[in-house]
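Scroll down for the structure; my scribbles are underneath it.
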Amino acid sequence: MPLTREQALELCCVIEDRRALLLDELRKDLGQARADSLQEITQAVPDSGDESVARMIAELDQAEVSRDVGELRRLDEARKRFDEGSYGNCLDCGSDIDYRRLRVNPAAIRCIRCQARYEKTYAGPVRSAL
């Protein structure tokens, strides 16, 4: 079932609100990274344990920033689909993506059925949790 006008407007607002939140987070993360870099330059050389922990924290911060940038790009693509009139259409089969799915994931490009097929086809190696 195609989105109603009200649903489309609501989803557009959800996208814009999430984009604003992500941009704010990215600005804060960038500011913190700059402050951390300055602090590292002015501090004494840490021992190897401290250095290892600092490296791990920096890698986690980088992963978080990468995730946020990826989500921001997907939201920008969703905005583009809105402008083109193709928002809410499954990329693979062309059917309507359910409103409830878009409400949870406004950047979704596939319906549930096609997304499940895609994940089975392109799933990476299974890794055990530590």
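The values are calculated or read from the model by the stated rules, or taken from the named source; none is laboratory data. Source: prediction; values computed, not measured. Using ideal geometry, Cβ is built from the backbone for each residue, glycine included, and neighbour counts are taken over all protein chains shown. Surface areas here come from the heavy atoms of the whole protein model, side chains and all, with no ligands, DNA or RNA. Shrake-Rupley method; radii C 1.70, N 1.55, O 1.52, S 1.80 Å.
Some observations on this one:
- A44 meets each of the listed conditions (1) at pLDDT below 70; (2) surrounded by 13 or more Cβ atoms within 10 Å (Cβ to Cβ) apart from (2).
- For G94, the criteria (1) open to solvent by 40 Å² or more (accessible area, probe 1.4 Å); (2) more than 20 Å from E16 (Cβ to Cβ); (3) assigned to a helix (DSSP H, G or I) hold in every case but one, which is (3).
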